[in-house]
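The values are calculated or read from the model by the stated rules, or taken from the named source; none is laboratory data. In this text, all values refer to a predicted model and were calculated from it rather than measured experimentally. Heads up, the Cβs are rebuilt from the backbone with ideal geometry, glycines too, and the neighbour counts pull from every protein chain shown. All accessible areas refer to the heavy atoms of the entire protein, side chains included, with ligands and DNA or RNA removed. Shrake-Rupley method; radii C 1.70, N 1.55, O 1.52, S 1.80 Å.
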Amino acid sequence: MGGGRAVCAFLVASALAACGPHGPGLALRPSEPASTPPPAGLQAGPEAVDARRAILRPAAASLVERLNAERAALGLPSLEISDTLSDLAFARAEDMTARGFLASQDPATGQPLPLEPMLGAGFEGNLAEVLGSASPGVQDLGAITLAEWLASPTHRAVLLDPVYRYAGAGLMTDGHTWKVVLLLAERAPETR
């Protein structure tokens with residue numbers, strides 16, 4: 001893929017398919033040691049994180065809305081935006097930006113990163129994470145990222161799979177490159 005963009009998909013069903021450094025068009029930078037502090041723009045308390053997410057949440061929601069338009073055009077059900085999945089997606093984008101990697105597994109341990117938080121939050125059934133990295137301005141990020149994902153047969157199949165009913169998107173930048181995360185789930189947590 002050109003333009004400094006990369007895409008990656010992580011699917012969880014009965015089997016795991018992790019995207020790693022050998023995925024198509026994906027070049028991972030080595031992870032920084034865990035003791036390395038995050039970039040200055042990411043060092044902040046919970047209030048700063050909430051404020052940053054509040055500013056970026058409309059751009060992240062726009063990505064899901066664009067995806068829903070694609071799904072509707074094909075007669076597929078819309079994805080319901082989940083605040084919980086969105087928060088998890090933002091946390092993933094922030095972590096990858098702070099540690100300088102793009103993958104669905106931890107570069108230090110190889111463990112799948114999105115699985116445990118999604119299950120811990122009560123999501124069930126088929127779960128997926130789709131990742132992207134791009135360098136446009138935030139106003140173009142959703143359109144460019146979705147176009148890249150839909151151009152990939154693997155990602156297109158995940159994004160347009162009618163089994164998924166819930167979605168959450170998150171994004172973060174280091175000032176040069178955006179990390180984009182889309183989390184999909186078949187079933188949301190049951191309300192008690």
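In table form, for the structure just shown:
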| item | result |
| --- | --- |
| Test: residue in the stretch 58-69 that is over 12 Å from the mean Cα position of the chain (by Cα), aliphatic (A, V, I, L, M) and at pLDDT 95 or above | yes |
| Selected residue [open to solvent by 30 Å² or more (accessible area, probe 1.4 Å) and in a loop (DSSP other than H, G, I, E, B)] from 161, 95 | 161 |
| Test for residue 145: is it in a helix (DSSP H, G or I), farther than 21 Å from residue 80 by Cβ and hydroxyl-bearing (Ser, Thr, Tyr) | no |
| Residue that is at pLDDT 95 or above, closer than 23 Å to residue 54 by Cβ and surrounded by fewer than 23 Cβ atoms within 10 Å (Cβ to Cβ), where the choices are 121, 167, 89, 143 | 121 |
| Selection count where residues are touching a residue at least 12 places away in the same chain (Cβ under 8 Å), open to solvent by less than 60 Å² (accessible area, probe 1.4 Å) and either in a helix (DSSP H, G or I) or among the aromatic types (Phe, Trp, Tyr) (or both), scope the stretch 53-86 | 12 |
